[in-house]
Amino acid sequence: MSKIVLSTSAAHGRGVFASESIAAGEKILTFSGPVWHRSEADFTTYHLQIGEDLYLGPSSGLDDYVNHCCQPNSGFKDGLDLVALRDILPGEEITWDYSTAIDEADFEGFPCGCGAPACRERVVSFRHLPATGQEQLRPWLLPYLKAKYFGAI
Ligand SMILES: [Zn+2]
């Protein structure tokens with residue numbers, strides 16, 4: 001049974017929130033949606049980069065609404081599963097770091113207002129992070145980025 005709900009926050013507007021306690025390591029949701037090649041992707045709607053030339057379109061599920069944070073409480077594990085990086089309390093917003101998925105050469109990035117003490121102030125492609133930042137995100141990268149940058153799945 002799902003422990004998350006769609007709601008709104010002052011910081012992000014619409015987002016996904018814990019409706020009950022979620023333990024560290026627990027799976028929160030799995031991203032899904034139509035698989036698009038870049039040439040056929042609709043970038044005006046929700047999309048998630050999952051490969052060099054692959055994207056997931058909107059699933060119409062809660063996965064479309066999880067916001068970015070530079071110090072998130074969830075991250076990818078074993079593919080497209082989003083798992084809790086620490087214990088999450090009811091009412092907390094679920095967030096993940098978009099730079100663990102995005103690696104487009106031409107992604108301009110966007111300003112970040114996540115409010116985390118370690119906010120990077122701009123959400124950018126993984127390739128544009130400093131080496132220390134890349135290393136920090138290594139455990140939670142999508143498999144295609146783990147393989148590309150660290151030679152491992
Ligand atoms: Zn931030």
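The values are calculated or read from the model by the stated rules, or taken from the named source; none is laboratory data. Quantities reported herein were computed from a predicted structural model and do not represent experimental measurements. Heads up, the Cβs are rebuilt from the backbone with ideal geometry, glycines too, and the neighbour counts pull from every protein chain shown. The protein model used for the area step is the full one, side chains on, heavy atoms only, and it has no ligands, DNA or RNA in it. Shrake-Rupley method; radii C 1.70, N 1.55, O 1.52, S 1.80 Å.
Please figure out what share of the DSSP beta bridges in the chain is antiparallel and state it in percent, rounded to the nearest 5.
Just about 90 percent of them are antiparallel.
Of the heavy-atom accessible surface of segment 84-153 (probe 1.4 angstrom), what whole percent is carbon and sulfur?
Here it works out to 57 percent.
Could you give the dipole magnitude of segment 51-129 about its Cα centre, charging the beta-carbon of Lys and Arg +1 and that of Asp and Glu -1, in debye to the nearest 20?
300 debye
Could you check which residue among S125, S60, S19 shows the biggest mean-square fluctuation in a GNM of the chain with a 10 Å Cα cutoff?
In this elastic network of the chain, the residue with the biggest mean-square fluctuation among S125, S60, S19 is S60.
In Å and whole numbers, how far do the C-alpha atoms of segment 31-126 stretch along each principal axis, longest first?
39, 26, 23
Among all lysine pairs in the chain that are eight or more places apart or on different chains, how many have alpha carbons less than 19 angstrom apart?
The number of close lysine pairs in the chain is 5.
Between R127 and S21, take the C-beta separation as r, use R0 = 25 Å, and let me know the FRET efficiency to the nearest 0.05.
0.10
Give me the dipole magnitude in Debye, nearest 20, for the chain about the Cα centre, with unit charges on the beta carbon: positive for Lys and Arg, negative for Asp and Glu.
The dipole of the chain has a size of about 300 debye.
Excluding ligands, DNA and RNA, what is the solvent-accessible area per residue of segment 54-153 at a probe of 1.4 Å, expressed in Å²?
Solvent-accessible surface per residue comes out at 47 Å².
Using only the alpha-carbon atoms, what does segment 47-99 span along each of its principal axes? Please give whole angstrom values in decreasing order.
35, 21, 19
If you average the sequence gap of Cα pairs under 8 Å that are 6 or more apart and divide by the length of the chain, what percent do you get for the contact order?
The value is 23 percent.
Which of these, A84, A23, A118, has the largest mean-square fluctuation under a Gaussian network model of the chain (Cα springs below 10 Å)?
For the chain, modelled as a Gaussian network with Cα springs under 10 Å, the answer is A118.
Arrange the residues F76, F17 by how much accessible surface each exposes, largest first, with a 1.4 angstrom probe.
Greatest to least solvent exposure: F17, F76.
Rank these by accessible area, largest first, 1.4 Å probe: E104, E26, E40.
The ordering from most to least exposed comes out as E40, E26, E104.
Taking a cut-off of 18 Å, what percent of all Cα-Cα pairs in segment 1-48 are separated by more than that?
Percentage above 18 Å: 51.
Could you pull the accessible area for S59 with a 1.4 Å probe, rounded to 10 Å²?
40 Å²
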